[in-house]
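Novice: Dropping a structure here in structure tokens format, bear with me for questions.
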Amino acid sequence: MTCFRTFTPPLWEIFSGNLLLLICTLFYLAWWAVSFRPNSSGSSAGVFYIAIAFATGLAGIALMSGGINTLSPESKCLQVKFILMGCTGLLIVLLMVTSIIFRRSVTSELLIIHIWMALELSAIAVLYGTGRFGAGQATALATLVAITTVIGLICYVMYYRLDEAAGYRIGMVPLAADALVMTVFLGVMAFL
């Protein structure tokens, strides 16, 4: 495709990493669908789905981090270290708020939400700072990431307060929203 001709190796890393995170999210969603379906004994496919999700997730994080790290010194935008410090601070605050105020058991989903948010915002910042994204594209994508993160956090807090059927459905909402945002991100990166 002609849209990929201008891709440098770091851009390919960010694009491929985001694509792998999208695949991870879809397999995580499939795992959730078969493993947590109400009145279901589960499925042996669930083990396969979560293994694929884990492998593609780690590979996606590694690729995106490599591309972000390579482009970061060239970026004339907010430095990635400030994004990472902000996301880390937010994680600490939300760990306390969700466990103390909302009495929500801490699970890996809270960390997953924050890693995803930090990666996406860091990628947007370096792509904007290096001129790949315009201000409108960067703002729109950052807004989508922020909205999706808030949706994920609301679902995270609500999950244990719902019955099994409602919890099953609410558990899929953040995954579907993340997948949608990553699809938009990939489209913007490839075609604009």
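Novice: For the stretch 46-76: of the residues being of a type in the set (Phe, Trp, Tyr) and surrounded by fewer than 17 Cβ atoms within 10 Å (Cβ to Cβ), which is nearest to Cys24 (Cα to Cα)? First the steps, then the outcome.
Specialist: If we filter the stretch 46-76 for residues that are of a type in the set (Phe, Trp, Tyr), which is where we start, we get 48-49, 54.
Narrowing further to those that are surrounded by fewer than 17 Cβ atoms within 10 Å (Cβ to Cβ): 48, 54.
Details: Phe48: 12, Phe54: 7 Å.
Selected residue: Phe54.
Novice: Is there any pair with a first residue in the stretch 13-25 that is under 13 Å from Leu58 (Cβ atoms) and a second that is among the β-branched types (Val, Ile, Thr) whose Cβ atoms are under 8 Å apart and which are 6 or more apart or on different chains, and what are they?
Specialist: What qualifies is Gly17/Ile61; Leu20/Thr56; Leu21/Thr56; Leu21/Ile61; Ile23/Ile52; Ile23/Thr56; Cys24/Ile52; Cys24/Thr56.
Novice: Filter the stretch 17-55 for residues that are in a loop (DSSP other than H, G, I, E, B), among the hydroxyl-bearing types (Ser, Thr, Tyr) and in contact with a helix residue (DSSP H, G or I) (Cβ under 6 Å, 6 or more places away or on another chain) and give the result. Break it down into steps so the answer makes sense when it comes.
Specialist: Taking the stretch 17-55 and keeping what is in a loop (DSSP other than H, G, I, E, B), we get 36-44.
This time we only want the ones that are among the hydroxyl-bearing types (Ser, Thr, Tyr), so: 40-41, 43-44.
Ser43 - this is the single residue of the stretch 17-55 that is in a loop (DSSP other than H, G, I, E, B), among the hydroxyl-bearing types (Ser, Thr, Tyr) and in contact with a helix residue (DSSP H, G or I) (Cβ under 6 Å, 6 or more places away or on another chain).
Novice: Hey, could you check the stretch 162-182 for residues that are charged (D, E, K, R) and within 17 Å of Arg37 (Cα to Cα) and say which is surrounded by the most Cβ atoms within 10 Å (Cβ to Cβ)? I'd like the intermediate steps shown before the answer.
Specialist: The first filter runs over the stretch 162-182 and keeps only residues charged (D, E, K, R), leaving 163-164, 169, 178.
Those left that are additionally within 17 Å of Arg37 (Cα to Cα): 163-164, 169.
Values: Asp163: 8, Glu164: 11, Arg169: 13.
The qualifying residue surrounded by the most Cβ atoms within 10 Å (Cβ to Cβ) is Arg169.
Novice: Can you tell me which residue in the stretch 125-161 is farthest from the chain's Cα centre (by Cα), limited to those that are under 22 Å from Thr25 (Cα atoms), hydroxyl-bearing (Ser, Thr, Tyr) and surrounded by 20 or more Cβ atoms within 10 Å (Cβ to Cβ)?
Specialist: Once the filter is applied, the top-ranked residue is Tyr156.
Novice: Another question about this same structure. Does Ile14 satisfy the criteria of being touching a helix residue (DSSP H, G or I) at 6+ places or on another chain (Cβ under 9 Å), at pLDDT 95 or above and under 17 Å from Val188 (Cβ atoms)?
Specialist: Against the criterion (touching a helix residue (DSSP H, G or I) at 6+ places or on another chain (Cβ under 9 Å), at pLDDT 95 or above and under 17 Å from Val188 (Cβ atoms)), Ile14 qualifies.
Novice: Quick one: is Arg132 among the charged types (D, E, K, R), farther than 21 Å from Ala62 by Cβ and at pLDDT below 95? Let's see the steps before the verdict.
Specialist: Working: among the charged types (D, E, K, R): yes; farther than 21 Å from Ala62 by Cβ: no; at pLDDT below 95: yes.
So Arg132 does not fit the description; no.
Novice: Please verify whether the stretch 29-42 includes one or more residues that are surrounded by 15 or more Cβ atoms within 10 Å (Cβ to Cβ), touching a residue at least 24 places away in the same chain (Cβ under 8 Å) and under 18 Å from Ala190 (Cβ atoms).
Specialist: no
The values are calculated or read from the model by the stated rules, or taken from the named source; none is laboratory data. On a predicted model such as this, the values are computed, not experimentally measured, just so you know. FYI the Cβ positions are ideal-geometry reconstructions off the backbone, even for glycines, and counts take in every protein chain you see.
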